[in-house]
Amino acid sequence: MNDTVPMIEMRHVSKHFGNVIALNDVSLHVHAGEVMCLLGDNGAGKSTLIKTLSGVHKPTSGEMRVSGEPVRFKSPAYALDSGIATVFQDLAMIPLMSITRNFFMGREPTVGWGPLKRIDWKQADRIAMEEMARIGIDVRDPSQPVGTLSGGERQCVAIARAVYFGAKVLILDEPTSALGVKQASVVLRYIAKARNDGLAVIFITHNVHHAYPVADAFTLLKRGTSLGYFRKSEISREEVLNMMAGGAELESLDAELAEFQRTPAESQTASRAAIS
Ligand SMILES: Nc1ncnc2c1ncn2[C@@H]1O[C@H](COP(=O)(O)OP(=O)(O)OP(=O)(O)O)[C@@H](O)[C@H]1O
Ligand SMILES: [Mg+2]
């Protein structure tokens, strides 16, 4: 157990949209050097939660703290200033622009001053290549459009950018959901690396098999309410799966699928037996 002050914390946060209660009294915390997986089904409130943490929504009630200090973000820019970087699912990248342009997004290093000030492309390309190499992605040409990278590599550019610009908290909304096994493993490895570099990571996913290997702790959301915060040592992969899907629902699905798998002859015998 970690008794230092959490890097980021939510205390009894609720978020209402008119009559819809998207979050109801949710508390969670993440320490530096830890990955906290936020799990929950469609509509559970995961995106609402991260949008609240990253300053897009204001909580209806409750409190948020960064390094123990209460914070109220007026906009996402304030959250970013506090070191909270969010990689949204749509990534906010421009496919036709180069890796370097996407990496810096207007924050490129410059040379000269006054009217002679201009972007130092040599330096920018070098940094972008170095930062990508650090996470094991070999960029041959930094002027290559981001659209030509694989989905996993694009996620990594977004994460590398957040880390390079000094994020303390990294929030990733379903970074692996559209990826195949190989690409997902590239992203998962990078998440583990960011954690080892001392970042506090909040990793949102539907996929327990992606979450379990990298997680230090889990928070489970169901219909806007937290089912609890669990350290990995307290909960098995099967227990997480059961809580997420609802064990009973999965069992009845199993029975239904077994019915489909019967050969026609078998189901005829079964239905004749049922009639007699
Ligand atoms: N701006 C909004 N106005 C009204 N209702 C909203 C708004 N944003 C979210 N909701 C509602 O809040 C609930 C939680 O939505 P949210 O998008 O946070 O779920 P989620 O866990 O991210 O789901 P998914 O896995 O499908 O992305 C849903 O019932 C949704 O309809
Ligand atoms: Mg969502």
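A short reminder: the numbers here are calculations on the coordinates, not readings from a lab. The model shown is predicted, which means the values in this text are computed figures rather than measured ones. As a convention, Cβ positions derive from the backbone with ideal geometry for all residues, glycine included, and neighbour counts pool all protein chains shown.
Compute the length gained on full extension between residue 237 and residue 164: take 0.36 nm times their separation in residues and subtract their Cα-Cα distance, giving the result in nm to one decimal. This chain segment gains 23.0 nm when fully extended. Between the alpha-carbon centres of segment 13-31 and segment 166-210 there is a gap of 23 Å.
Count Lys and Arg as plus one, Asp and Glu as minus one, and take only other residues whose Cβ is under 12 Å from that of residue 223; the net charge is then +1. Among 54, 143, 252, the residue with the largest mean-square fluctuation in a Gaussian network model of the chain, with springs joining Cα atoms closer than 10 Å, is 252. Amide H to amide H distances under 5 Å link residue 23 with 15, where only residues 5 or more positions off or on other chains count and H is placed in the peptide plane. Relative to the longest principal axis of the Cα atoms of the chain, the long axis of helix 247-261 makes an angle of roughly 70 degrees. Among 176, 110, 86, the residue with the largest mean-square fluctuation in a Gaussian network model of the chain, with springs joining Cα atoms closer than 10 Å, is 110.
As a length-normalised measure over Cα pairs under 8 Å and 6 or more apart, the relative contact order of the chain settles at 25 percent.
Select from segment 4-56 those trypsin sites (Lys or Arg not before Pro) which occupy a DSSP coil region and have at most 10 other Cβ atoms within 10 Å, ordered by residue number.
On the way: sites: 11, 15, 46, 51; in loops: none.
The qualifying sites: there are none.
The alpha-carbon atoms of the chain define a convex hull whose volume equals 185 cubic angstrom per residue.
Rounded to the nearest 5, what % of the DSSP beta bridges within the chain are antiparallel ones? So the antiparallel bridges in the chain amount to around 55 percent.
Once you compute Rg and the Kirkwood Rh from C-alpha atoms, what is the Rg to Rh ratio for segment 100-172? Could the numbers behind the result be given before it?
On the way: Rg = 13.0 Å, Rh = 13.0 Å.
Checking Rg against Rh, the ratio lands at 1.00.
Of all beta bridges DSSP finds with both residues in segment 91-242, what is the antiparallel percent, to the nearest 5? Counting DSSP beta bridges with both partners in segment 91-242, the antiparallel share is about 65 percent.
Take every pair of alpha-carbon atoms less than 8 Å apart whose residues are at least six positions apart; their mean separation over the length of segment 165-258 yields a relative contact order of 23 percent.
Quick check on the chain: helices-only [θ] at 222 nm, where DSSP H runs of length 4 and up contribute -39,500 (n - 2.57) each and the sum goes over total residues. Nearest 500, please. Each step should come with its number before you reach the end.
Numbers: 10 runs with 107 residues, N = 276.
Mean residue ellipticity, 222 nm, calculated: -11500 deg cm²/dmol.
For the chain, a Gaussian network of Cα nodes joined below 10 Å ranks 166, 106, 40 by mean-square fluctuation, and the top entry is 106.
The phi torsions of segment 170-178, fed into the Karplus equation with coefficients 6.51, -1.76 and 1.60 and a -60° offset, translate into couplings of 10, 10, 10, 8, 6, x, 10, 5, 9 Hz, rounded to whole numbers, with Gly and Pro shown as x.
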